[in-house]
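Notes follow once the structure below has been shown.
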Amino acid sequence: MKSRIFVARATFPEVLERLSQHFEVESNQEDRIFSADELIARVAGKEGLIATSSEAITAGLFKANPTLKAVCNTAVGYNNIDVEAATSAGIMVSNTPDVLNETTADFAWTLLMATARRVTEAEQWLRAGHWKKWTYDGFVGPDIHGATLGVIGMGRIGQAVARRSLGFDMKVIYHNRSRLAPELEQRANHAQYVSKEELLRQADHVVLVLPYSKQSHHTIGAAELALMKPQATLVNIARGGIVDDVALIAALRAGTIAAAGLDVFENEPALHPDFLQLKNVVLTPHIGSASVPTRLAMAHCAASNLIAALSGETPSNLLNPGVSKRG
Ligand code: DGY
C-alpha cells in the first residue's frame with residue numbers, strides 16, 4: 001500500500017504527478033491558508049508532509065499526528081519548523097539548499113541596485129505624471145561600482161552575492177559565524193573577514209544573507225543602524241526578524257541610513273504599515289527564489305527528499321541526521 005502524504009501548498013502539477021507515482025497524495029491546490037488546527041487535521045493519517053516556509057510546523061502538529069514520519073520544507077530556511085521537537089518525535093526534516101543559491105543572489109542584486117538607484121521611487125513619480133523636466137539632482141543615489149559591499153552571512157548564497165560584485169569593481173567585506181577558507185574568500189571577490197561592527201562602519205551597501213535563529217534575532221537594530229554611514233543602503237533577503245523593523249523605520253525616517261531594500265519582514269505577510277509611507281525603501285513580497293526554474297527545482301528537491309525518506313533511505317538534505325526514525 002502506498003504511503004499517504006499531504007502537500008500543504010499549491011505546487012507544480014508535474015511535481016504532484018511525480019509524487020503520486022510513489023504516494024497517495026492529498027494536496028491543497030486551491031492554496032488555502034490553514035489555521036494551526038486545520039493543518040493538523042489535514043495532516044492526520046499522513047506519513048509525509050511537504051511544507052513551505054509559510055507553515056508553522058510545531059511540536060503540537062507532531063504530537064497530534066503519530067503517523068507522520070517526514071516533513072520536507074520547500075525552502076532553504078527552516079525556522080518555521082521546530083526541528084528539535086521533530087527529532088524528539090522521530091520525524092525526519094529536510095530543506096532545499098543549493099538549488100536556489102544563484103537565483104537568490106541575483107535577487108539580492110536586484111534589490112541592491114533598485115534601492116541604491118531609487119528605481120521604484122522614480123517609477124512611481126513618473127507614473128504619477130510628475131516628469132516635466134530633467135534635473136541634475138533628480139533621484140540621485142550612491143554609486144554601486146567601486147563601493148564597498150558588506151555581506152553578513154557568508155554561506156553559499158552570501159558567497160554567490162559576493163562573487164557578483166567582481167563586475168562592479170567592488171571591495172567586499174563580510175561577517176559570518178566563522179571565517180571562510182582562503183580559497184572561498186578568493187572566489188568571493190577576495191572577501192575580507194571583519195567584525196560585524198567594522199562591516200557596518202565601512203560598507204556602502206550591506207546585504208543580509210544569514211539564517212534566522214534565536215541568535216540572529218535583531219542582528220540589525222537601532223545600535224547597528226547607528227554605526228552605518230548615512231549614505232549607506234541595507235538589503236535583507238534573508239528572513240524577517242533579523243532586522244528590527246521598528247528600528248529600521250526610525251532610521252529610514254531620520255536619515256541614519258539612506259535606504260533599504262526588503263524582501264522579508266517581521267510578521268510577514270503583514271508588514272509594518274509605516275514602511276508603506278516611506279519613499280526610501282523598496283519592498284518586495286518574499287520573492288528571492290522566484291524564478292520559474294528555481295521554484296520548480298525547489299519543489300522537485302522537496303519531493304526527492306520525501307521519496308527517499310519514506311522509502312527507508314536518507315534524504316539528501318536531512319537536517320536532523322541523529323533522528324531515530326518512527327517505525
Ligand atoms: C527560502 O528558501 O528559505 C526562501 O526564503 C523561501 O522561503
Can we say residue 179 is surrounded by fewer than 17 Cβ atoms within 10 Å (Cβ to Cβ), touching a residue at least 12 places away in the same chain (Cβ under 8 Å), among the basic types (Lys, Arg) and not in a helix (DSSP H, G or I)? yes
What are the residues in the stretch 262-286 that are surrounded by fewer than 15 Cβ atoms within 10 Å (Cβ to Cβ) and within 16 Å of the ligand (Cβ to nearest atom), if any? 267, 269, 285
Return the pairs, sorted by first residue and then second, in which the second residue is part of a loop (DSSP other than H, G, I, E, B) and open to solvent by 30 Å² or more (accessible area, probe 1.4 Å), the first residue lies in the stretch 305-327 and is over 14 Å from residue 72 (Cα atoms), the beta carbons are less than 6 Å apart, and the residues are 6+ apart or on different chains. 326/69
Could you grab me the full set of residues in the stretch 26-59 that are within 18 Å of residue 92 (Cβ to Cβ) and either in a strand (DSSP E or B) or not small (Gly, Ala, Ser) (or both)? 43, 46, 47, 48, 49, 50, 51, 52, 55, 57, 58
I need the full set of residues from the stretch 80-117 which are in contact with a Pro (Cβ under 7 Å, 6 or more places away or on another chain) and within 16 Å of the ligand (Cβ to nearest atom), in order please. 94
Scanning the stretch 210-230 residue by residue, the ones that are part of a loop (DSSP other than H, G, I, E, B), open to solvent by 20 Å² or more (accessible area, probe 1.4 Å) and either outside the structural domain of residue 150 (by TED's automatic domain parsing) or of a type outside the set (S, T, N, Q) (or both) total 8
Output the qualifying pairs, or none if there are none: Cβ atoms under 8 angstrom, residues six or more apart or on different chains, first residue in the stretch 264-275 and more than 16 Å from residue 218 (Cα to Cα) and free of Cβ contacts under 8 Å to residues at least 12 places away in the same chain, second residue of a type in the set (Gly, Ala, Ser) and buried (at least 16 other Cβ atoms within 10 Å of the Cβ). none
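Of all residues being part of a helix (DSSP H, G or I) and touching a Leu at 6+ places or on another chain (Cβ under 8 Å) in the stretch 121-160, which is surrounded by the fewest Cβ atoms within 10 Å (Cβ to Cβ)? Just the residue, please.
First, the residues of the stretch 121-160 that are part of a helix (DSSP H, G or I): 121-127, 156-160.
The next check asks that each one be touching a Leu at 6+ places or on another chain (Cβ under 8 Å); those that pass are 157-159.
Numbers: 157: 29, 158: 28, 159: 25.
Only one residue tops the list, namely 159.
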Have a look at 294, 233 and point out the one that is within 16 Å of the ligand (Cβ to nearest atom), of a type in the set (S, T, N, Q) and either in contact with a helix residue (DSSP H, G or I) (Cβ under 9 Å, 6 or more places away or on another chain) or open to solvent by 10 Å² or more (accessible area, probe 1.4 Å) (or both). 294
One residue from 238, 259 being in contact (Cβ under 8 Å) with a residue 40 or more places away in the chain, buried (at least 18 other Cβ atoms within 10 Å of the Cβ), closer than 12 Å to residue 115 by Cα and of a type in the set (Gly, Ala, Ser): 259
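The values are calculated or read from the model by the stated rules, or taken from the named source; none is laboratory data. All values reported here derive from a predicted model rather than from experimental measurement. Please note: Cβ atoms are built from the backbone with ideal geometry, for glycine as well, and neighbour counts cover all protein chains shown. The accessibility values were calculated without ligands, DNA or RNA, using every heavy atom of the protein model including side chains. Shrake-Rupley method; radii C 1.70, N 1.55, O 1.52, S 1.80 Å.
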